[in-house]
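K.L.:
What follows is a single structure, and I will ask about it in a moment.
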Amino acid sequence: MVVSKRRRSHFRRLFAVGATLVLALVAGTAMAATIQPGQSAPIMGSQSGRCLAVPNSSTGNGTQTQLLDCTGAANQTWTYTSSKQLTVYGNKCLDASGQGTGNGTAVIIWDCNGQANQQWTVNAGGTISGVHSGRCLDANGQGTANGTNVILWDCHGQSNQQWNSPEAPPTTPPPTPPTGAGPCDIYASGGTPCVAAHSTVRALYGAYNGNVYQVRRSSDNTTRNVGVLTAGGAANAATQDSFCAGTTCVITVVYDQSGRGNDLWYQGSSVVPGSTQSRPATATSESLAVGGSKAYSLYINPGNSYWRDGHLTGVPTGSAPEGMYAVLSGTHVNNGCCFDYGNSETTRAADAAGAMDAINFSTQCWFGGCAGTGPWVQADLEWGLYPGGSQSWNPNQRAFTSKFVTATLKNNGTSRFAMKGSNAQSGSLTTLWDGALPPGYSPMKKQGAIILGSGGDCCKPGGGANLSAGTFYEGAMVTGYPSDATENAVQANIIAAGYR
């Protein structure tokens, strides 16, 4: 992320993809069709048998919606997002005109802005009411003909206010990973395999029996690899303790456990050519217990950061979908730019909106409206830290202040991204955002490098974004768009790991 913000206006609003929806066709024969993530459906009036539509396929702000014969065309294909928006064309929202709340207020389309007059509640019985007004979508005058205007009216439940309604998705059973699985086994069983897996505290595959990181001691500048106690187990902290006794050590590299060679070397090392403004993190800043075994974290202070160019080794590029997670500390944070883990520029420069796709965990709030004092799970998409799908208040955002925090981010590359967070010792993931990408970020332009502990424009002469503090315990990046069930299973695995 570039330190000096470059705001761009008038970006095209992107396709807001909802969660899995179940559409009950209440007009005619009752049938059920499952709408998968990334798909959308028409909304049919119960009385008329005609569909909620934008006349003449107009895309202009202020166009009033009408009833029209159902054709399945884009102008009558809607997505109900987790933020309660009904989107059409992917860049326009169903909107109570002029933020009106009175009977007869025109129901129009407008650029999605996240305001309450663009939020709708799907009610039992098939009515759809405005969050802002409390009034219902209504076929004006009980009309059923083509061209009947759709307005707001006091909710009375009659058939001209009943619609086939996007409903909550059924619960998806979690994937079945192998016995003794780690997070990356779980991702693989869900069809989204890890392309990079990093940790200083444990193995992220049930069968992994290799090295997890390397330390270098100051007394003679020699190095030693730290492995795991057993296959799939905790890191062997005794190796570090013995090697670093009587001197100081730094962590030079966190090894990639996925087998793709996406090892994270500190920027400033010879393995990251041209990096001059970073140094390795001290190896002994924080010890902890994982599963009852001693381990050491990667304790990052300003001036520490790690990097890898993974664009040729499976890290998603361009608009390819990807997901990631990290276990971080909610007590060692600051507001310096930028404590990130995820996809970044191979150029190590702030190239463009969408050139990054990384978890940010910090007390930075670029655009205002973040609840409390942080730290917050946000998305660093380059040229901005996003608490949701825009630069405005996201009511679902919250601070995570526990000692150990799970953060997840996933991005389908063209229309949708989602962020979640939780205490890593207990509890389920909280969805912070699941909806449209910010304006100007479709398609994504990911370059496929991996960053840890800084922003994307780090660390070469003239570069910045290396002012952050944070603690990294484990994390992975995956190819594809992970299901909620997969992420929930990963969270359960993290809790079972026993961070203390």
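The values are calculated or read from the model by the stated rules, or taken from the named source; none is laboratory data. Values in this document were obtained by computation on a predicted structure and should not be read as measured data. Using ideal geometry, Cβ is built from the backbone for each residue, glycine included, and neighbour counts are taken over all protein chains shown.
K.L.:
Since S129 meets every condition but one in (1) farther than 16 Å from L52 by Cβ; (2) of a type outside the set (A, V, I, L, M); (3) surrounded by fewer than 22 Cβ atoms within 10 Å (Cβ to Cβ), which condition does it not meet?
P.N.:
Result: S129 passes all but (1).
K.L.:
Here is a further query. So which residues in region 346-358 are crowded, with 24+ Cβ neighbours inside 10 Å and in contact with a strand residue (DSSP E or B) (Cβ under 6 Å, 6 or more places away or on another chain)?
P.N.:
Once the filter is applied, which keeps residues that are crowded, with 24+ Cβ neighbours inside 10 Å and in contact with a strand residue (DSSP E or B) (Cβ under 6 Å, 6 or more places away or on another chain), region 346-358 yields M356, D357, A358.
K.L.:
Could you check region 346-368 and list, in sequence order, the residues that are assigned to a loop (DSSP other than H, G, I, E, B) and within 18 Å of the chain's Cα centre (by Cα)?
P.N.:
A353, G354, A355, M356, T363, Q364, C365, W366, F367
K.L.:
Continuing with the same structure: Counting only residues that are at pLDDT below 75, buried (at least 16 other Cβ atoms within 10 Å of the Cβ), assigned to a loop (DSSP other than H, G, I, E, B) and on the phi < 0 side of the Ramachandran plot, how many does region 24-81 have?
P.N.:
The qualifying residues number 4.
K.L.:
Given the criteria of a type in the set (D, E), surrounded by 15 or more Cβ atoms within 10 Å (Cβ to Cβ) and free of Cβ contacts under 8 Å to residues at least 40 places away in the same chain, does D138 qualify?
P.N.:
For D138, the condition - of a type in the set (D, E), surrounded by 15 or more Cβ atoms within 10 Å (Cβ to Cβ) and free of Cβ contacts under 8 Å to residues at least 40 places away in the same chain - is met.
K.L.:
Has region 436-456 got at least one residue that is more than 19 Å from A355 (Cα to Cα) and surrounded by 24 or more Cβ atoms within 10 Å (Cβ to Cβ)? Lay out the reasoning, then the answer.
P.N.:
Step one: of region 436-456, the residues more than 19 Å from A355 (Cα to Cα) are none.
Within region 436-456, not a single residue is more than 19 Å from A355 (Cα to Cα) and surrounded by 24 or more Cβ atoms within 10 Å (Cβ to Cβ).
Conditions tested, residue by residue: (1) part of a loop (DSSP other than H, G, I, E, B); (2) in contact with a helix residue (DSSP H, G or I) (Cβ under 9 Å, 6 or more places away or on another chain).
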{"residue": "V215", "(1), (2)": "no, yes"}
{"residue": "A245", "(1), (2)": "yes, no"}
{"residue": "V250", "(1), (2)": "no, no"}
{"residue": "Q277", "(1), (2)": "yes, no"}
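K.L.:
Let me ask something else. Suppose we filter S269, S293, S278, S285 for residues that are in the same structural domain as H332 (by TED's automatic domain parsing), of a type outside the set (A, V, I, L, M, F, W, C) and under 28 Å from the mean Cα position of the chain (by Cα); which single one remains? Lay out the reasoning, then the answer.
P.N.:
Numbers: S269 fails: under 28 Å from the mean Cα position of the chain (by Cα); S293 fails: under 28 Å from the mean Cα position of the chain (by Cα); S285 fails: under 28 Å from the mean Cα position of the chain (by Cα).
Going through S269, S293, S278, S285 in turn, the sole match is S278.
K.L.:
Hey, among the residues in region 311-334 that are more than 27 Å from A469 (Cα to Cα) and among the aliphatic types (A, V, I, L, M), which one's surrounded by the fewest Cβ atoms within 10 Å (Cβ to Cβ)?
P.N.:
The selected residue is L312.
K.L.:
If the requirement is being not in a loop (DSSP other than H, G, I, E, B) and not aromatic (F, W, Y), which of these qualifies: Q378, Q391?
P.N.:
Among Q378, Q391, only Q378 is not in a loop (DSSP other than H, G, I, E, B) and not aromatic (F, W, Y).
K.L.:
Taking W383 as the residue in question, decide whether it is assigned to a loop (DSSP other than H, G, I, E, B) and over 18 Å from S454 (Cβ atoms).
P.N.:
Here the answer is no, as W383 does not meet what is asked.
K.L.:
Oh, and also: I'd like the full set of residues that are among the small types (G, A, S) and either more than 25 Å from the chain's Cα centre (by Cα) or not assigned by TED's automatic domain parsing to the domain that holds C136 (or both), limited to region 100-122.
P.N.:
From region 100-122, those among the small types (G, A, S) are 100, 102, 104, 106, 114, 116; that's our starting set.
Those that are among the small types (G, A, S) and either more than 25 Å from the chain's Cα centre (by Cα) or not assigned by TED's automatic domain parsing to the domain that holds C136 (or both): G100, G102, G104, A106.
K.L.:
Same structure, new question: Given the residues T276, T282, which is the only one that is hydroxyl-bearing (S, T, Y) and modelled with pLDDT of 95 or more? Before the answer, list the steps.
P.N.:
Details: T276 fails: modelled with pLDDT of 95 or more.
After ruling out the rest, the residue left standing is T282.
K.L.:
Working only within region 152-161, note down all residues that are among the hydrophobic types (A, V, I, L, M, F, W, C) and surrounded by 23 or more Cβ atoms within 10 Å (Cβ to Cβ).
P.N.:
L152
K.L.:
Right, another one. Are any of the residues in region 342-358 without any contact (Cβ under 8 Å) to a residue 40 or more places away in the chain and not aliphatic (A, V, I, L, M)? It would help to see each step written out before you state the result.
P.N.:
So the first thing to find is which residues in region 342-358 are without any contact (Cβ under 8 Å) to a residue 40 or more places away in the chain, and the list is none.
Taking every residue of region 342-358 in turn, none turns out to be without any contact (Cβ under 8 Å) to a residue 40 or more places away in the chain and not aliphatic (A, V, I, L, M).
K.L.:
Right, next: Return yes when D256 is under 16 Å from I450 (Cβ atoms) and either touching a strand residue (DSSP E or B) at 6+ places or on another chain (Cβ under 9 Å) or hydroxyl-bearing (S, T, Y) (or both) and no when it is not.
P.N.:
Yes: the conditions hold for D256.
K.L.:
Would you mention how many residues in region 88-114 are small (G, A, S) and either buried (at least 22 other Cβ atoms within 10 Å of the Cβ) or over 18 Å from L67 (Cβ atoms) (or both)? Break it down stepwise before answering.
P.N.:
To start, the set of residues in region 88-114 that are small (G, A, S) comprises 90, 96-98, 100, 102, 104, 106, 114.
Narrowing further to those that are either buried (at least 22 other Cβ atoms within 10 Å of the Cβ) or over 18 Å from L67 (Cβ atoms) (or both): 90, 96, 98, 100, 102, 114.
The qualifying residues number 6.
K.L.:
What are the residue pairs meeting all of these: first residue in region 371-396, first residue under 20 Å from A353 (Cβ atoms) and crowded, with 21+ Cβ neighbours inside 10 Å, second residue at pLDDT below 95 and of a type in the set (V, I, T), Cβ atoms under 8 Å, and 6 or more apart or on different chains?
P.N.:
Matching pairs, first to second residue: E382/V2; W383/V2.
K.L.:
Of the residues K410, K420, only one is modelled with pLDDT of 95 or more, touching a helix residue (DSSP H, G or I) at 6+ places or on another chain (Cβ under 9 Å) and buried (at least 24 other Cβ atoms within 10 Å of the Cβ); which? Before you say what the answer is, go through the steps one by one.
P.N.:
On the way: K420 fails: buried (at least 24 other Cβ atoms within 10 Å of the Cβ).
On inspection, the qualifying residue turns out to be K410.
K.L.:
Please work out which residue is modelled with the lowest pLDDT, limiting yourself to region 116-126 and to residues that are crowded, with 17+ Cβ neighbours inside 10 Å and within 27 Å of G388 (Cα to Cα).
P.N.:
Within region 116-126, the match that is modelled with the lowest pLDDT is V122.
K.L.:
In a strand (DSSP E or B), within 15 Å of A496 (Cα to Cα), at pLDDT 95 or above and assigned by TED's automatic domain parsing to the domain that holds S293 - does that describe any residue in region 197-204?
P.N.:
Yes, that holds for at least one residue.
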